[in-house]
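Structure first, then comments.
The values are calculated or read from the model by the stated rules, or taken from the named source; none is laboratory data. Nothing here was measured: the structure is a model prediction, and the numbers come from that model. Here the Cβ is made from the backbone with ideal geometry for all residues, glycine too, and neighbour counts use every protein chain on show. These accessible areas exclude ligands, DNA and RNA; they are computed on the full protein's heavy atoms, side chains included. Shrake-Rupley method; radii C 1.70, N 1.55, O 1.52, S 1.80 Å.
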Amino acid sequence: MRNKYSYIGAGLLCVAALTSCSNEEIISEKINAGLTEYTVTAEANFDKEAAGQGTRANVKEDGKSFIWNKGDKLTLWNGTQGYTFQAVDSYDESVYYSKVEFKGEASFEEGQEIWGIYPCKESPSADNVFTFTLPQPQVQEGTAPALQKSMCMYAKGTVSGNTVSNMVFQHLTGTLHFTLVNKRGYDIQLEKIVVSADSPVFPLSATLNADGTVSYTDETEQFELDLHNQTISNTESFSAYASVFPTDKMTGDTKLTISIKVAGTEELEVIKEGTVKSLYGEDTSFAKDGYKYVAGKRYGISKTLLPLEGDLGYIENGDTYSVYATDGLIAVLSDPQITGNSAKKILLTQPIDMQGESLTPVENFAATLDAQNNVISNFTIDSSDDGKTGLMLTNTGVIRNLKVENVTLKKENVALLGVLAATNSGKIEGCEISNATIVIESCISNGADIGFVAGESTGANAMISNVSLNGVSSIDVKSGKVNFGGIVGQNGNWNASSVIGASVGKDVTLTYNSGVNNSQFAGIVGWNCGGTVKGCSSAATINPNQASHFGGVVASNIGSASVFASYCCGNIADIASGSNAGGVVAANDGKLIGCYSSVANTGDFGGLCGKANGTITDCYFYNCNNGKREGSANVASMKVAGADELKTKVSSLNSAISDSGFEYIVNDDANEPLKLRAIN
């Protein structure tokens, strides 16, 4: 039985007479008369009131806006013969147009009624020109809509001179717009989408009849959209589009199943299933249309592709482990065959919210962890029996591009503590910690090494580079002796380990409330013993209280240690007399080169150093009146009046640090008048 919809009006009644004309003499006369170039203004009105579900020849990537395609072609039918017309070359398909000009050559008569057909017919004839058939399967090869072969429209115009006027197209198909969001944790390739029903409700053909009706035939129970193994990257969304003819056989009780086929799997995966009424809802425009697809409207179908049940949370490919879920992270980090092997590589392919769970530290990490700038958030870390705490107790491998957010560590009897590593003897690079809270209730009797990134970084190959501590982060040491730095507690241990390009943000608060007065406490490194600190900055607020050494960048800089191309623009509270406190370094027995401090302090405080037995070269400070504690250096040459005068020193500073890989640039912030940037 055919389904009929009145879309075209009484004007189509003349088609029967036109198409029945078979007088060979008339046809021959028109062909021999030659062809004339005509211009057709093709219009497809956009129904804004339908919330982006109006008539269109195609759709933009957002699935809602009307757009003709630059290569679109129309068939113009004069009752006996069809002609091909193409959109003009000047048409810009990146811009919304409701009207586009098409040009072509044809043999028309003045005042003649002309029918426009879309998609263009390859071999139009009286028998097929008003019949439209959907391809099986429909095809979309890329990310953009590809409906030129399946979005069916017709129009009627009148010849006037060299134009065909009033060519306003009416739609015969609706559009199904599938939006798939990939949250699997890895890239997937999508072979196809299959839409099936429990009865034949999808016509494959439509015919415009002479009596002004449309007949829909060849109903089937399912249709496919071939996506040619389109890749959907992890965390990305993908839109697919298919055309459907209306039918009166679909009802609210019709059961629909929408499935996808992912490359590498044998079975279809059901993403939506239920009655039409349950899938679309009773309060939607679809319900108002009688739970039937309507020509000229778009129907959105969205689905987030979550990890499948039974997934391990990671994918193993040779020596590479791609982690995309909490279970996968826990599983991979708890396997010493992975973490202890320098040939293994662990990738984080999406952010992981631990939802308050605790991670068990890796005892010896020798692999490479590349988080690809993804975040691990909302977790705590267990402690070892000997007072060590960190994601890795000992890191000899590489930790790269990892962001950590909302981590809380509240510990007693601490020996070594760092969020990423208790001890780092490898490389930690490109990492960021934000909104972290550390509370130290007590330390071991010999004291603890504590930093937000690492407790200690030691060994000739140890390096911490391009790391940062930001957000509302804080540490409160309540009891015990510490070597503490916002980045690392101890750097060097009489070797050449390095901290390069580290920064601590202005929302960070570092507090020492312990009654023990022989601690090292600083914005970047607590105890820099033979190591190198360069290209670092701290804007943190430091509350030193009882510690004996407090520095804006480093507390104690001893042995062959060096601090250069670094500065502090934060706040250091006044401390009791007798402690060593300085804007850059508390106690400098090593080298201080090309550094500055804008710390304002009126207490027993050195503008650059609390005490200085080492060397100071091309360094400057302001906001502090006390320069007498800079050792034997010429204090008068180091003190500047303020930010403006410091800016005049940029050349001498950059000359002093020319081999550091960093340079100072002028900044508008009065508290941070010079900033550092890395150079090649």
Seminar exercise, completed: The base-10 log of I(q)/I(0) that the Debye equation returns for region 166-309 at q = 0.13, 0.20 Å⁻¹, one scatterer per C-alpha, is -0.63, -1.26
For this session: Could you give me the percent of Cα pairs per 10 Å distance bin for region 315-467, shortest bin first, beginning at zero and ending with the bin that holds the maximum distance?
Result: 12, 45, 35, 7, 0
Seminar exercise, completed: The correct pair for region 123-242, radius of gyration to one decimal and Dmax as a whole number, both in Å and from Cα atoms, is 18.2, 61
Exercise. Looking at GLY318, VAL244, GLY274, which one has the Cα that reaches farthest to the positive end of the dipole of region 209-321 (charges on Cβ: Lys, Arg +1; Asp, Glu -1)?
Worked result: VAL244
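Stretched out fully, how many nm does the piece from ALA263 to THR179 gain, at 0.36 nm a residue minus the Cα gap?
Full-extension gain reported as 28.4 nm.
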Problem set entry | Listed residues THR541, THR304 arranged by accessible area, highest first, probe 1.4 Å | THR304, THR541
Exercise. How many angstrom separate the Cα center of region 481-509 from the Cα center of region 372-409?
Worked result: 16 Å
Seminar exercise, completed: To the nearest 0.05, the calculated FRET efficiency linking SER342 and LEU308 through their beta-carbon distance, R0 being 25 Å, is 0.20
Exercise. In nm, to one decimal, how far is the modelled label at ASP289 from the one at GLN148, with both set 7 Å along Cα→Cβ?
Worked result: 2.6 nm
Exercise. Looking at (1) 65.3; (2) 39.0; (3) 46.2, which value of mean projected area of the Cα convex hull in nm² comes from a calculation on the structure shown?
Worked result: (2)
Exercise. So how much slack lies between LYS647 and SER237, counting 0.36 nm per residue of separation and subtracting their Cα-Cα distance, in nm?
Worked result: 142.8 nm
Problem set entry | Distance-filtered residues of region 337-375 - backbone nitrogen under 19 Å, label point 7 angstrom along ASP327 Cα→Cβ | 347-360
Problem set entry | Note, ³J(HN,Hα) from phi for region 329-346, Karplus 6.51, -1.76, 1.60, rounded to Hz, x at Gly and Pro | 5, 4, 5, 5, 6, 8, 9, x, 5, 8, 5, x, 10, 5, 7, 8, 10, 10
For this session: Mind checking which of GLN86, ALA263, SER465 is farthest towards the positive end of the chain's charge dipole, using Cβ charges of +1 (Lys, Arg) and -1 (Asp, Glu) about the Cα centre?
Result: SER465
Exercise. Dipole of the chain (Lys/Arg Cβ +1, Asp/Glu Cβ -1, origin at the Cα centre): which of ASN557, VAL362, LEU676 lies farthest to the positive side?
Worked result: ASN557
Exercise. If amide H atoms are built 1.01 Å from N in the plane of the peptide, which residues on other chains or at least 5 residues away come under 5 Å of the amide H of GLN520?
Worked result: VAL482, ASN483, PHE484
Exercise. Over the chain, what is the relative contact order in whole percent, taking alpha-carbon pairs under 8 Å and six or more residues apart?
Worked result: 6 percent
For this session: Report the relative contact order of region 198-267, percent, no decimals, based on alpha-carbon pairs under 8 angstrom and at least 6 residues apart.
Result: 36 percent
Exercise. In whole percent, how big is the carbon plus sulfur part of the accessible area of the chain, probe 1.4 Å, protein atoms only?
Worked result: 43 percent
Problem set entry | For the chain, size of Cβ-based charge dipole, Lys and Arg +1, Asp and Glu -1, in debye | 1840 debye
Exercise. Of the listed peptides 484-493, 335-344, 79-88, 499-508, what is their order by residue-averaged count of other C-beta atoms within 10 Å, with the highest listed first?
Worked result: 484-493, 499-508, 79-88, 335-344
For this session: State to the nearest 20 debye the size of the charge dipole of region 73-159 about its Cα centre, where the only charges are +1 on K and R beta carbons and -1 on D and E beta carbons.
Result: 240 debye
Seminar exercise, completed: Between ASN518 and SER560, the FRET efficiency computed from the C-beta separation at R0 = 25 Å comes out, to the nearest 0.05, as 0.65
For this session: Place the peptides 398-411, 165-178 in order of packing, highest mean first, counting for every residue the other Cβ atoms within 10 Å and averaging per peptide.
Result: 165-178, 398-411
For this session: Work through the residues other than ILE542 whose Cβ is under 14 Å from its Cβ and net out their charges, Lys, Arg +1 and Asp, Glu -1.
Result: -2
Seminar exercise, completed: Summing -39500 (n - 2.57) over every DSSP H run of at least 4 in the chain, dividing by its residue total and rounding to the nearest 500, the 222 nm mean residue ellipticity is -1500 deg cm²/dmol
Exercise. What ranking, highest mean first, results for peptides 285-291, 584-590, 317-323 when packing means the other Cβ atoms within 10 Å averaged over each residue?
Worked result: 584-590, 317-323, 285-291
Exercise. Nearest-5 percent of antiparallel DSSP beta bridges in the chain?
Worked result: 35 percent
Problem set entry | Computed magnitude of the charge dipole of region 146-273 (debye, nearest 20; Cβ of K, R +1, Cβ of D, E -1) | 500 debye
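Whole number in Å², please: accessible area per residue of region 446-513, 1.4 Å probe, ligands, DNA and RNA not counted.
Heavy-atom SASA per residue in region 446-513 reads 30 Å².
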For this session: May I ask which of LYS388/LYS410; LYS121/LYS261; LYS388/LYS534; LYS411/LYS534 have a Cα-Cα span longer than 22 Å here?
Result: LYS121/LYS261; LYS388/LYS534; LYS411/LYS534
